[in-house]
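What follows is one structure encoded as structure tokens, with my remarks underneath.
All of the numbers you see were taken from the coordinates with simple rules; none came from a lab. Note that the structure is predicted; figures quoted are calculated from it, not measured. Heads up, the Cβs are rebuilt from the backbone with ideal geometry, glycines too, and the neighbour counts pull from every protein chain shown.
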């Protein structure tokens, strides 16, 4: 196991380097210019713009820029934002806690809803409960988050006036009030994201449980006289978890990367909105830093998933 | 065992027919497809007829689905846009599923280099930032595709490739995970012992058992492709802004949600019905293909 | 309107038979923005008025928090690096210029003791020297006094090309001298009619020498004060998270008595315009939201709750359509839409005239922009006596059909008109923005009825307005037949604004499509009038020349103005605020109060 882990981690280094080359090339070739506002502003002479481009090294060939980025990154220098003129790592660190909190909680919420509902629905396929759960799940992923988010705002903020819909990263309160205010402002984005995610998770869980529920070993376990509860939890769920683990591993990087649409609707100052602002302003150092960390997480959680497969189903071997 | 003589295809169809929800869904989906194809002839109202005197009207005899903020008939718009939404949704689903299943299956079967390489490709695609990539694709390929396939055809091909090409990764990961587990199961070992080739093990023994998550993933894919199409048109990558696809109708309607809910209700319901029926068809197919299931 | 008529009006104002306000209105109607109109009056010794907010509170502080919502979030706070309005608004809270523009275009002193004029000796007769007297007793937030050294330093800082300031255009060709501790002299290289650019308004914020002195030139990006501003403004800096939130507290030593009213200030960014309006008008979570480019129907409905209201002030921004008279589909010397080519159909003036008749401006204003714009076909609509019969706007499909018919464009297959095998089929491009897409739909439908087929194209704003040389979809490339966008007046003076109508600014490959004349159309008469206006010191004569430039382009139906845009903001009902279309929204934030 240990050698396997070390081998996988060693493979991860060249594969991340390869990914970073491609990311950098895509960003460098994508249309857009970080100083376009300067170019269309008649008050700024072209020399100034050229001087600025030169000072940020934008006129060098892509390969030179990539190597410069790589060597800086290796020394822990994440780059310098064109738009905000501060260090990229400062920008990311300002946004990280909010994203981890909002997107992380929504993932937990999604799992807390999807696992019990999906399992219970699968043990009684085509029952009333199953039908209702399915229909709600379909509604859930047919409606995009921009729509459900707005619906929530109209109901809970505008009509009922229960929750604020502008998320503030610094709340002017202390103690219990702080927690209460935090809860009030976070509940809508977390619910919108969580339920959207839960809708698809529920379908996957149900389908995975249905796949194993009629297998012979489950019948055997029942025949042995094990309680239904034990059969469901120990024998069915564990074997049905493989697709769920895959999905959760797919979603984990998003806990860092943020949720673009939801962050935009509720003005959550997370990494997702940082990324979209950076993309719209062609602020390449920020885009590169965020996407590179994101890809590291993608690779890392893929590895975690593989290890979990081995634990869930000991017959799976990678050696 | 008296039906041994019945061909597997016919047997599947018999089992599928007995799945009532699946049959009903097939009918619903067929009706929707007929509706968007034939509908514009039966309801010959121009999709872009602007009538400021009939802004945001609710459903009535002259406008069964109501009107939008320029007084345009929503029913006519939905039938016109539905062709594109349904075609994009289904085609992108097929592309994403096929690519995902192929990559996932090969990675999951391989015990040598194919797995790490294919997983690297998957990781790469997962980490690409979509917006700059899309802008790059528009910039590089739009004119060429337009020249080859014409305006609408070019956009259609581009959208299907883009949506399918950027969304196959979850399917691939899911299929690979199923394969990793299934390839070690007794029935596959039995097939291997009997000398079944790798390809036969894959297509005959493992794949049918790995279809569960694939079907779920592809139904989710239909709805996200319909929505994604509308997002693309905001980047200038999709169809021209005056073509009312369902995702676009839903997006346009959002600011008037409190005063004109009908505007959002009909396209929302159409997407929902599509997803619902495709999903039940998928369930029916799986039940019909799974010999263990008694129907 | 010619010089004589302008002079007549000025005389009326002097005699008191015409109010100042109606003078400015009349000048606006002929395309002369309020700031220039005010200058005409000032030149003729009619004192500048004051249309700023009437300030009621009798003591500073006690107003609680002021919460503003900018749906585009500020990303930096150095006023000379501020690239967009969002950053300019944010930095204006902490920094102040010598003078700012109110909503009627009056120059209001802020750090200056008075506005220079001929009467007080501030303006030289030859138009090359301006003397500014600073207000005394102004303190920076750290307690140090503001002196002429800071003003001179601001010039040195912004004029240095290595600093790469966005405001450098206002400073690079001038000299600034310190006369005494509270007087500076600005010397222009040439007679300059529009002298109120350096140290005024958006480009004019004064920065402290003792914080930026070491960070001039190439080191400018390292200055700690870039992120922690120390200014003279009514609020002191507290915290800033780029792209998210900015907070400030009341400046106890503010140089205007009894101001500011609010104890703290918060500027939150992000989201979209509709939900920003919602947060002010419907839920009252925020007090003020800016630049609401939202369909007016939506805003009106939100206002019915009575929690907030909308205010709109005129600005120099014009939403218009360009008809391309060059050929966008033929490449000559590596560029399309080259002036060496002629558009196969749009070079026919009859076709252009017909298209101008197919724009339903009244409906566009009434149903889409509402208070966000005023319909206009030319710059000459009101008042009646100056209305040129050639330039009135009209929506008339029958007339358009008749004109096309007479010009020999006959309806062919599919109802599209054609002549000599050339069809009236056009690609109509704009940026992605809901109201613009609706205008596209309205124009397309009317054109269809006149036998003109439009293919609509929309480009994401970040590409459309970029200057990417390699991208064919930018607005300056004009690789389409028709294009629509808003051109904003970067300065209160129209001179630089109108350089989009001169031949030497035509965008082409040689100047990397950075030329300001996107339409590619030119006329020697317009060039001549423009050049004369650049040197003309008498504002009335100058205005007449600039009006002429406008008229030439509108009469040719190359530029089809649709709306004169206003700046729309939302505020809660109890907030008294003061925003201006000639300066940033926060220009007079010290005077805002809650009743």
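Which shape class, rounded, prolate or oblate, goes with segment A:82-140 when its Cα gyration tensor gives a ≥ b ≥ c as root eigenvalues, a/c under 1.5 marks rounded, and past that a/b bigger than b/c marks prolate? Don't jump to the answer; show the numbers that get you there.
Details: a/c = 6.84, a/b = 3.66, b/c = 1.87.
In terms of gyration-tensor shape, prolate.
Tell me the Kirkwood radius of segment C:314-563: reciprocal of the mean inverse pair distance over distinct alpha-carbon atoms, in Å.
Details: mean 1/r = 0.0536 Å⁻¹.
The answer is 18.7 Å.
Using only alpha carbon pairs under 8 Å that are at least six residues apart, calculate the relative contact order of chain A and give it in whole percent.
Working: 329 pairs, mean separation 84.8, N = 319.
Contact order relative to length: 27 percent.
Using only the Cα atoms, work out Rg/Rh for the protein assembly as shown, with Rh taken as the Kirkwood radius, to two decimals. Let's see the in-between values first.
Values: Rg = 32.7 Å, Rh = 32.8 Å.
We get a ratio of 1.00 for the protein assembly as shown.
When Rg is the radius of gyration of the Cα atoms in segment C:176-308 and Rh is its Kirkwood radius, what does Rg/Rh come to?
A ratio of 1.07.
In which sequence would A:228, B:221, C:335, C:239 go, from the one with the fewest C-beta neighbours within 10 Å to the one with the most? It would help to have the intermediate numbers written out before the result.
Numbers: A:228 10, B:221 29, C:335 18, C:239 13.
The fewest-first ordering by Cβ neighbours comes to A:228, C:239, C:335, B:221.
Sorted from largest down, give the three principal axis spans of the alpha carbons of segment A:217-262, whole angstrom values.
50, 16, 13
Quickly estimate the mean residue ellipticity at 222 nm for chain A, helices only: each DSSP H run with n ≥ 4 gives -39500 (n - 2.57), and the total goes over all residues, rounded to 500. Write out the running numbers ahead of the final one.
Working: 13 runs with 228 residues, N = 319.
Rounded to the nearest 500, it is -24000 deg cm²/dmol.
What are the extents of the Cα atoms of segment B:163-295 along their three principal axes, in Å, largest first?
Extents along the principal axes: 66, 35, 19 Å.
With n ≥ 4 as the cut-off for DSSP H runs, can you work out [θ] at 222 nm for chain C, using -39500 (n - 2.57) per run divided by the number of residues, rounded to the nearest 500?
On the way: 16 runs with 152 residues, N = 595.
Estimated from H runs of four or more residues: -7500 deg cm²/dmol.
Cα-Cα pairs above 22 Å in segment A:1-148: how many percent?
It works out to 67 percent of all Cα pairs.
Express in nm, to one decimal, how much length is gained between residue C:249 and residue C:12 on full extension, taking 0.36 nm for each residue of separation and deducting their alpha carbon distance. All intermediate terms of the calculation are to be shown ahead of the outcome.
On the way: separation 237, 0.36 × 237 = 85.32 nm, distance 4.68 nm.
Stretched fully, the residue C:249-residue C:12 segment lengthens by 80.6 nm.
Calculate for chain B the 222 nm mean residue ellipticity that helices alone would give, adding -39,500 (n - 2.57) per DSSP H run of length 4 or more and normalising by residue count, nearest 500 deg cm²/dmol.
-24000 deg cm²/dmol
Beyond 28 Å, what share of the Cα-Cα pairs of segment A:96-312 is found? Please give it as a whole percent. Before the final figure, lay out each step's value.
Working: 9436 of 23436 pairs.
The calculated P(r) of segment A:96-312 puts 40 percent of pairs beyond 28 Å.
I need the shape label for segment C:332-372. Rule: rounded when a/c is under 1.5, else prolate if a/b > b/c, else oblate, with a, b, c from the alpha carbon gyration tensor. Show your work: numbers first, answer last.
On the way: a/c = 6.04, a/b = 2.15, b/c = 2.81.
Taking the square roots of the gyration eigenvalues as a ≥ b ≥ c, segment C:332-372 is oblate.
What Rg and what Dmax come out for segment B:65-118 when only alpha-carbon atoms are used, in angstroms?
20.5, 62
How do the peptides A:172-181, C:3-12, A:186-195, A:4-13 rank, highest first, by the average count of neighbouring beta carbon atoms within 10 Å per residue? Show your work: numbers first, answer last.
Details: A:172-181: 10.9, C:3-12: 16.5, A:186-195: 22.7, A:4-13: 12.7.
Ranked from most to least packed, the peptides come out as A:186-195, C:3-12, A:4-13, A:172-181.
Could you grab the relative contact order for chain B? Cα pairs under 8 Å, six or more apart, rounded to a whole percent.
On the way: 381 pairs, mean separation 80.3, N = 295.
Answer for chain B is 27 percent.
If you take every DSSP beta bridge fully contained in the protein assembly as shown, what fraction is antiparallel? Give it as a percent rounded to 5. Please list the in-between numbers first.
Working: 60 of 80 bridges.
Taking every DSSP beta bridge within the protein assembly as shown, about 75 percent pair in antiparallel fashion.
Kirkwood-based Rg over Rh for segment C:412-463 (C-alpha set), two decimals? It would help to have the intermediate numbers written out before the result.
Details: Rg = 12.8 Å, Rh = 11.9 Å.
Over the Cα atoms of segment C:412-463, Rg/Rh equals 1.08.
Using the alpha carbons of segment C:444-484, what is the convex hull volume per residue in cubic angstrom, as a whole number?
Considering the Cα atoms of segment C:444-484, their hull volume per residue is 68 Å³.
May I ask for the Kirkwood hydrodynamic radius of segment B:1-149, worked out over all distinct Cα pairs and given in angstroms to one decimal? Don't skip to the end; give the middle numbers.
Values: mean 1/r = 0.0483 Å⁻¹.
The Cα-based Kirkwood calculation yields 20.7 Å.
Run the simple label-point estimate for residue A:62 and residue C:595 please: 7 Å along Cα→C-beta, distance reported in nm.
6.1
What percentage of all Cα-Cα pairs in segment C:1-91 are separated by more than 20 Å? Before the final figure, lay out each step's value.
Values: 2407 of 4095 pairs.
The share of Cα pairs beyond 20 Å in segment C:1-91 comes to 59 percent.
On C-alpha positions alone, give me the angle between the axis of helix C:85-94 and the longest principal axis of chain C, in degrees, nearest 10.
Relative to chain C, helix C:85-94 is tipped by roughly 10 degrees.
In a Gaussian network model over chain A where Cα atoms closer than 10 Å are linked, find which of A:118, A:140, A:57 has the largest mean-square fluctuation.
A:57
Given a 10 angstrom Cα cut-off, can you work out which residue in A:157, A:127, A:20 is the most mobile in a GNM of chain A?
A:127
Determine the distance separating the Cα centre of segment B:165-239 from the Cα centre of segment A:117-155; give it in Å without decimals.
Computed from Cα coordinates, the inter-centre distance equals 23 Å.
Going by C-beta contacts inside 10 Å, put C:583, C:362 in order with the fewest on the left. Don't skip to the answer; put the middle values down first.
Working: C:583 27, C:362 12.
Final ranking by Cβ density, sparse to dense: C:362, C:583.
Could you tell me how far the Cα centroid of segment B:6-36 sits from the Cα centroid of segment A:45-61, in Å?
63
Return the distance in nm (one decimal) between the two label points of a simple spin-label model at residue A:162 and residue C:120, each offset 7 Å from Cα along Cα→Cβ.
About 5.9 nm separates the two model spin labels.
Find the all-direction average of the projected area of the Cα convex hull for chain B, expressing the result in square nanometres with one decimal place. Mind showing how you got there, number by number?
Values: hull surface 77.9 nm².
One quarter of the hull surface, i.e. the mean projection, equals 19.5 nm².
For helix C:20-29, report the angle its Cα long axis makes with the longest principal axis of the Cα atoms of chain C; keep it between 0 and 90° and round to the nearest 10°.
For helix C:20-29, the angle is close to 40 degrees.
With labels modelled as points extended 7 Å from the Cα through the Cβ direction, what inter-label distance (nm, one decimal) is found for residue C:263 paired with residue B:113?
7.1
Could you put B:226, A:155, C:364 in order, starting from the residue whose Cβ has the fewest other Cβ atoms within 10 Å?
Values: B:226 31, A:155 14, C:364 21.
Going from least to most buried by this count: A:155, C:364, B:226.
Compute the semi-axes of the equivalent ellipsoid of chain C, taking the square root of 5 times each eigenvalue of the Cα gyration tensor, and list them largest first in whole Å. It would help to have the intermediate numbers written out before the result.
On the way: eigenvalues 345, 148, 116 Å².
They are 42, 27, 24 Å, listed largest first.
Tell me the relative contact order for segment C:314-563 as a rounded percent, counting alpha carbon contacts under 8 Å between residues six or more apart.
Working: 450 pairs, mean separation 67.8, N = 250.
So the answer I get is 27 percent.
For chain B, with a Gaussian network of springs between Cα atoms less than 10 Å apart, report the residue from B:98, B:50, B:281 with the top mean-square fluctuation.
Answer for the Gaussian network model of chain B: B:50.
Which angle from 0 to 90°, rounded to the nearest 10, does the C-alpha axis of helix C:3-15 make with the longest principal axis of chain C?
The helix C:3-15 is inclined about 40 degrees to chain C.
To check my understanding: the extent here is largest minus smallest coordinate of the Cα atoms along each principal axis. What are those three numbers for segment A:64-190, in Å, largest first?
62, 38, 28
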